[in-house]
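Note sheet for the following structure.
No value in this document is a laboratory result; all are computed from the given coordinates. Computed from a predicted structure; not experimentally measured. Quick reminder, even Gly has a Cβ in these numbers, built from the backbone with ideal geometry, and neighbours come from all protein chains shown.
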Amino acid sequence: KELPKGNFQVHEYGLVLDDKEASGEGSKNIFRSVALHSQLPQIAAELMQLDENSENLRLLRDVFLAKGPESTSSCGWHVDDQMFWPATYQLPNQPMVDQTGINAWIALDDMPVNNGGSLAVAPASHSDSVSWRNDAYAALGFDDTFGDGISKDELFRVIKSGKVDTCGLERMAPRIHQQIEKTKKEFSFKQGDIIFMNRWLFHRSTDVTEKRKAAVKVVEDNALLKRYSLRYVTGSSSLPRGFMTELSVLGTNGANSGREFNEVDGEWYPQCWPEVGDDVEEKIDSVAKNFIPVAQEKLAVIMTEVMALFRTR
């Protein structure tokens, strides 16, 4: 599919839920094929040590992102908040195996480490083997008391206070930022490479380097570095209660709020392991056609309010 020109493109609410993403009549949505029918769900289930006789795996969200050479959009060291990982949580507690979820990050272009524009991770930061982890959670506003959601008034109060900024660890806790930088890991990705990350692994985007910018100017203006991210969770996990920007909640007038993913109305979070339903495509298309347009209208109104709050900080 031809991409629009620009320096930053993102489809953060899912190409799997897009009924227009097939390339022609009778063709399949390739993003659904990768997310649901490839080996990725099996690998995620194995990493989470799930039992196929009693547990299942669902696709929580898929995100397509493309970054250009002049892009200034980036996110510092973080773990995904509930806007990007819309599930209840308790902060990880080792030595138990954490089954909160797996993020499969796929490079859709070659991304040499000296070109930037891709991903850096903090090894083992999902475990209690790193001394700064809990301090980082606190600095970013991650608290077990928020794990099952908060009210709209409380969320807006927190945003307006400026005390919570998912991407702002360097500003809010510069000492921790420097600690992570000393042990970070960056990779030279080839097209098709995949990195699997625990839901609680700290990661950040990397800035496009001058070398990459110079190379792009020779070849093509605004060439985009593309990646695709798949977030998998157990079906027994739940959506948070309270106020949410999640389309499955907005599109059902709040009916899905707080429900287990196995009990959600509509195929918003399709099962992908140990098996995929025969009629999953039709059910996803039904959600895309009948519920998503309304949900997106409601989301636009909410995000206007949220962005106004950010401007007042």
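Here is how the numbers come out for the structure above:
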{"item": "Efficiency of FRET between SER33 and THR145 - r from beta-carbon atoms, R0 25 angstrom, step 0.05", "result": "0.05"}
{"item": "GNM top mover of ASN53, ASN198, ASN290 - the chain, alpha-carbon springs below 10 Å", "result": "ASN53"}
{"item": "Distance (nanometres) between label positions extended 7 Å along Cα→Cβ at GLU55 and GLU275", "result": "2.0 nm"}
{"item": "Where no second cysteine Cβ lies under 4.7 Å, the cysteines concerned in the chain", "result": "CYS272"}
{"item": "Calculated FRET efficiency for the pair VAL301/GLN90, C-beta based, R₀ 45 Å, to 0.05", "result": "0.90"}
{"item": "Rg(Cα) / (2.2 N^0.38 Å) computed for region 94-212, rounded to two decimals", "result": "1.19"}
{"item": "Centre separation in Å (Cα based) which lies between region 230-251 and region 124-185", "result": "21 Å"}
{"item": "Backbone N under 15 Å from the ASN114 label point (7 Å along Cα→Cβ), restricted to region 171-198", "result": "187-189"}
{"item": "FRET efficiency, 1/(1 + (r/R0)^6) with R0 51 Å, evaluated for SER131 and ASP19 via beta carbons", "result": "0.60"}
{"item": "Additional length obtainable on full extension of the chain from ASP207 to ASP153, 0.36 nm per residue less Cα span", "result": "16.0 nm"}
{"item": "For region 162-176, Karplus couplings with θ = phi - 60° (6.51, -1.76, 1.60), whole Hz, Gly/Pro x", "result": "x, 7, 10, 8, 3, 9, x, 4, 4, 6, 8, 8, x, 5, 5"}
{"item": "Gained length - ILE43 relative to LYS283, 0.36 nm times residue gap less alpha-carbon distance", "result": "83.9 nm"}
{"item": "Structure-derived Kirkwood radius over Cα pairs in Å: which label, when the choices are (1) 20.5; (2) 22.7; (3) 21.4", "result": "(1)"}
{"item": "Most mobile listed residue (ASN134, ASN29, ASN93) in the chain, GNM with C-alpha springs under 10 Å", "result": "ASN93"}
{"item": "Residues with amide H under 5 Å from that of GLY149, placed H, sequence gap 5 or more", "result": "ARG241"}
{"item": "Theoretical ellipticity at 222 nm over the chain - DSSP helices of four or more residues, -39500 (n - 2.57) apiece, nearest 500", "result": "-8500 deg cm²/dmol"}
{"item": "For PRO274, net neighbour charge (Lys/Arg +1, Asp/Glu -1) across residues whose Cβ lies under 12 Å away", "result": "-4"}
{"item": "Two-site label geometry, THR183 and ASP81: point separation in nm, points 7 Å out along Cα→Cβ", "result": "2.6 nm"}
{"item": "When region 177-313 is reduced to its Cα atoms, the Kirkwood hydrodynamic radius in Å", "result": "19.1 Å"}
{"item": "Rel. contact order, % - alpha carbon contacts under 8 angstrom, at least six apart, the chain", "result": "31 percent"}
